[in-house]
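The values are calculated or read from the model by the stated rules, or taken from the named source; none is laboratory data. Note that the coordinates shown come from a computational prediction; the quantities given were computed from them, not determined experimentally. Don't worry about glycine lacking a Cβ; one is built from the backbone with ideal geometry, like all the others, and counts go over all protein chains shown. Keep in mind that these areas ignore ligands, DNA and RNA; they rest on the heavy atoms of the full protein, side chains included. Shrake-Rupley method; radii C 1.70, N 1.55, O 1.52, S 1.80 Å.
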Amino acid sequence: MSQKTLTERSTEGAAAPDGASSKKWWILAVIALAQLMVVLDATIVNIALPSAQADLGFSDGNRQWIVTAYALAFASLLLLGGRIADLFGRKPAFLIGIVGFAAVSALGGAATNFEMLVTARALQGAFGALLAPAALSLLNTTFTDARERAKAFSVYGAIAGAGGAVGLLLGGVLTDAFDWRWTLYVNVVIAVVAFAGGWVLLSNKRADSNAKLDVPGTVLVAAGLFSVVYGFSNAETHDWGSPATWGFLIAGGVLLAAFTWWQTRAAHPLLPLRILLDRNRAASFLAVLISGAGMFGVFLFLTYYLQLNLGFSPTKTGVAFLPMVAALMVTAQVGTTMLVPRIGPKAVIPLGFAIAGVGMAWLTGIGVGSSYTSTVLPQLIVTGIGLGLVMPPAMQLATGGVRAEDAGVASATVNAMQQVGGSIGTALLNTLAASAAADYLAGKNPADKLVRAQATIESYTTAFWWSAGFFAAGALIAGLLYRRGVQEQDADAAPVVHM
């Protein structure tokens, strides 16, 4: 090891100059803002969909593609976006991602028909796939001091976990106050601030100037992830017996298996398997996948319940999720800065899953005439407490200790796990909920309003029970996979990238 490297590492833990330390936290603000833009766009359009549908005149069958187009492009291109950031520089990837995301958001806001809107949403997903891993890898390489890094990831993880609820709130406010188009135009405003901050504060560094893009691996993983997400999405509008559903799911599995095989042969693998072989990191990837699947039970079906059964407006629905967001942000700080550094993830993350599971099981007590204060609010807070102990620590552990040249693709894998988990959760829970409602209506009069209302309650509670089951499985898997004790960082694993 060179004397220069030794000097850098020996001084790394020392107190940084005030200017340098201040710059780090400004960088965190810029990264967090960009990440918020990407995460909230997965849900901000949801509340505005009825207004957009009435304005543009597309069918109920086409409505889901406004959401699915974003998920398909985002999930299938994430690993490519992460590798581009590693190979060509994280600052240009970050800035190009922001500009592109803003431009296609403006295109979607100006849409005059369904085709224009769905194209804009797919392009949003593509630019988001470049922006999200670049943002997370910048965070990973900017904060190298253990305590600062824990604080930074608690903020980032809280945004990733709560961004969906923030999207629901912001979508409701913008739709009520202005027009559905502002759920897309708002990204332009956010992007201007994030771009200016990134241009001034970030410096560029290519992680590996000799590496090349793994084209076969890129094609295999993009096609595989697309097939998996499309297969689950197709199950929402058709059924699990549809050839388009199981055909794409099988094709996706085969393509991803081929991708894994190819990564052991490629000279410059898109996803070096050394990233997945660390036991704590693999457990963290699975924790993010499972929490992404279960969270949709909270956001999607509780949104339906609050608006359709309790009569909440879009804005009031968004506000109703804020206590959960607050609880999540508090426990995100406690989990990443206090609990995991002291006792390790093996106790903290399974505990978080268990608490979130209790919250979801408790939510199954809702009824046609229930009160938000007594039947929804306490359960939301409990669920938020649990998710705050899962999402931020898992994201931190999933990207910690990787080589600098792998930071982008490790970050992309985290995002891919969350997105694929959300897609699986949405499709599975929607199908199970619809089946529960149909079973309840069997033999009853569907014209009776009370019967129909109770059928919707059955569908919601079924989804909540399954979400609780996801979290229970997460607790078991995390408890088995995580190593005991506090994880020690390998000093040679993540060289400092000075910003």
Beta carbons within 10 angstrom, averaged per residue: use that to sort the peptides 273-281, 348-356, 248-256, 119-127, highest first. 348-356, 119-127, 248-256, 273-281
Residue-normalised value, i.e. accessible area per residue, for the chain at 1.4 Å probe, in Å², stands at 39 Å²
So, in the chain, how many Lys pairs have Cα atoms under 26 Å apart, if the pair is 8 or more places apart or on different chains? 16
By its C-alpha gyration tensor, with a ≥ b ≥ c as the square roots of the eigenvalues, how is segment 232-299 shaped: rounded for a/c under 1.5, else prolate for a/b larger than b/c, else oblate? oblate
Given points 7 Å out from each Cα along the Cα-Cβ axis, report the residue 326 to residue 483 separation in nanometres with one decimal. 4.0 nm
Computing the accessible area with a 1.4 Å probe over protein heavy atoms, can you report the carbon and sulfur percentage for segment 235-333? 72 percent
With every protein chain left in place, what is the accessible area of residue 456 in Å² (1.4 Å probe, nearest 10)? 50 Å²
Nearest 10 degrees, 0 to 90: what angle lies between the long axis of helix 146-177 and the longest principal axis of the chain (Cα atoms)? 30 degrees
Angle in degrees between helix 114-142 and the longest Cα principal axis of the chain, rounded to the nearest 10: 40 degrees
Per the helix-only model, the chain has a calculated mean residue ellipticity at 222 nm (DSSP H runs of ≥4, -39500 (n - 2.57) each, divided over all residues, rounded to the nearest 500) of -26500 deg cm²/dmol
Please give the peptides 174-184, 431-441 ranked by average Cβ packing (other Cβ atoms within 10 Å per residue), highest first, as a rough proxy for protection. 174-184, 431-441
Of (1) 4, 20, 31, 28, 12, 4, 1, 0, 0; (2) 4, 16, 20, 17, 14, 12, 10, 5, 1, 0; (3) 4, 17, 27, 27, 18, 6, 1, 0, which one was derived for P(r) over Cα pairs in 10 Å bins from 0, in percent from the structure shown? (1)
Using a Förster distance of 25 Å, how high is the FRET efficiency between residue 452 and residue 316, based on the Cβ-Cβ distance and rounded to 0.05? 0.65
Ranked order, 360, 417, 329 - accessible area, probe 1.4 Å, largest first: 329, 417, 360
Based on the mean of other beta carbon atoms within 10 Å per residue, what is the order of 373-379, 225-231, 64-70, most packed first? 225-231, 64-70, 373-379
Rounded to the nearest 10 Å², what accessible area does residue 90 have for a 1.4 Å probe in the complete protein model? 10 Å²
Contour minus Cα-Cα distance for residue 258 and residue 193 (0.36 nm per residue): 19.2 nm
Okay, which of segment 276-295 sit inside 12 Å, backbone N to the point 7 Å along the Cα-Cβ direction of residue 434? none
